[in-house]
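Some notes on the structure that comes next.
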Amino acid sequence: MATTVRVMTKNQRDVDFAMKMKNHVKWNQIQADWVRFMDFDPEGCFIAEMDGQMIGTGTVTTYGDKVAWIGMIIVDENYRRHGIGRAIMLACMDYCKRKKIEVPKLDATPLGNKLYLTLGFVEEFLMDRREGRGGSFEYAKSVRKFEKKDLDDVVKFDAACFGAPRPHIIERFVGEYPEIAFVSRDGDGRIDGFLAGRKGLNAWQIGPWVASSNTTGEELFKAGLNFLGDQPVFFDIVAVNKSILPLVCKYGFKHQRPFVRMYLGENKYPGILENIYAISGVEKG
Ligand SMILES: CC(C)(COP(=O)(O)OP(=O)(O)OC[C@H]1O[C@@H](n2cnc3c(N)ncnc32)[C@H](O)[C@@H]1OP(=O)(O)O)[C@@H](O)C(=O)NCCC(=O)NCCS
């Protein structure tokens, strides 16, 4: 049977299928997430088909030509272990090549990890998803709501920490969910942290959450949790940041599932991982 991989479109049939696959593996994304992937990289989101039947998905989110994240690699359970996942990955890697991306990256589930190793990806570090609930907290006056005028400073601060500029992600999240977008400025008025979030199917997802100190990280976290009240919350943390584990435990956030950060080629843009409190999401780094 012939397998083909084609570009995903915003056509409702494609989006409905993508959501069906995502629901199948019980992930947290909503339809708006798929639309965002296609807005950012219209030629970088894929559907695998076998004899005309849709059976798998994959996305690439590029950050200029420095790094890109491969995500949403899902194959229908009935068609696994027939090379479909590999075919989708090859389409994603080929897109990265055409876009001249220096370092393709991804955050792998244990199922994906083995496959990506065979494609040349190298493990960088362990990550995990944490889950808990918001609450009622007071937070420092240095933390306030994100305003349009903060954008350039935040993008500059974030680019050093993430490893590449991602203005499109930050602008889109704070534009869509201004109610959970916060910045922190130090005594000299310089940005020393920010936190964004978005709605998911099962829980709100916090991220990116980036700060230059543990104190700032905690104050931003309290602001985010305070907005969320009693609602369920997920976020994805990197084990390299030694401050994050005691912090999330202090606020009662429990381990949900593991991931592994992986990269292809030379890891030229690792960022400042000690400043990353939560990534924007495993499907986009
Ligand atoms: C991870 C996932 C996408 C892999 O999809 P897949 O279509 O099964 O992937 P492939 O068939 O290309 O490769 C999977 C395995 O099947 C093997 N395989 C491929 N073709 C085969 C064949 N014809 N006969 C037997 N085995 C085969 C591969 O060698 C690979 O083996 P390994 O796991 O020992 O390395 C799929 O398991 C999935 O959707 N999981 C749930 C979502 C998820 O976790 N996604 C990853 C996100 S990072």
- Among trypsin sites (Lys or Arg not before Pro) in region 100-153, those in a DSSP loop whose Cβ has at most 15 other Cβ atoms within 10 Å are 100, 141
- Task: Using the structure shown, list the pairs from 114/242; 20/114; 97/242; 100/145; 20/250; 66/199 with a Cα-Cα distance above 31 Å, or answer none.
- Result: 97/242; 100/145; 20/250
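Counting other C-beta atoms within 10 Å, and keeping those with at most 15, which DSSP coil trypsin sites (Lys or Arg not before Pro) do you find in region 10-61? Mind showing how you got there, number by number?
Details: sites: 10, 13, 20, 22, 26, 36; in loops: 10, 26.
Answer by residue number: 10, 26.
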- Given q = 0.10 Å⁻¹, what are the Debye log10 I(q)/I(0) values for region 3-101, with equal point scatterers placed on the Cα positions and solvent ignored? -0.23
- Message: At 1.4 Å probe size, with the rest of the protein present, what percent of the exposed accessible area of the chain is carbon and sulfur atoms?
- Response: 53 percent
- Note on the structure: Taking only C-alpha positions in region 133-285, Rg and Dmax in angstrom work out to 14.4, 45
- Item | Rounded Å value of the spacing that divides the Cα centres of region 98-112 and region 21-80 | 13 Å
- Item | GluC sites (Glu not before Pro), loop per DSSP, at most 10 other Cβ atoms within 10 Å - longest free stretch of the chain | 1-137
- Message: Can I get the semi-axes of region 46-157's equivalent ellipsoid? Compute them from the C-alpha gyration tensor as square roots of 5 times the eigenvalues, in angstrom, largest first.
- Response: 34, 20, 15
- Fluctuation leader among 25, 103, 143 - the chain, Gaussian network, Cα springs under 10 angstrom: 25
- Item | Vicinal HN-Hα couplings computed from phi for region 149-154 (Karplus, 6.51 cos²θ - 1.76 cosθ + 1.60; Hz; Gly/Pro x) | 5, 7, 3, 4, 5, 5
- Message: If you average the C-alpha positions of region 217-245 and of region 148-205 separately, how far apart do those two centres end up, in angstrom?
- Response: 14 Å
- Message: Helix 167-176 against the longest principal axis of the chain: what's the angle in degrees, Cα atoms only, rounded to the nearest 10?
- Response: 70 degrees
- Message: Could you give me D for the chain, from Stokes-Einstein at 10 °C and 1.306 mPa s, where the hydrodynamic radius is the Kirkwood radius over C-alpha pairs? Units µm² s⁻¹, please.
- Response: 83 µm²/s
- Report the percentage of all Cα-Cα pairs in region 143-182 whose separation exceeds 15 Å, rounded to a whole percent. 35 percent
- Query: With a Cα-only, solvent-free Debye model of region 232-279, what are the log10 I(q)/I(0) values at q = 0.21, 0.27 Å⁻¹?
  - Reply: -0.81, -1.16
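The values are calculated or read from the model by the stated rules, or taken from the named source; none is laboratory data. Values in this document were obtained by computation on a predicted structure and should not be read as measured data. Cβ: placed from backbone, ideal geometry, glycine included. Neighbour counts: every protein chain shown. SASA here: full protein model, heavy atoms, side chains in, ligands and nucleic acids out. Shrake-Rupley method; radii C 1.70, N 1.55, O 1.52, S 1.80 Å.
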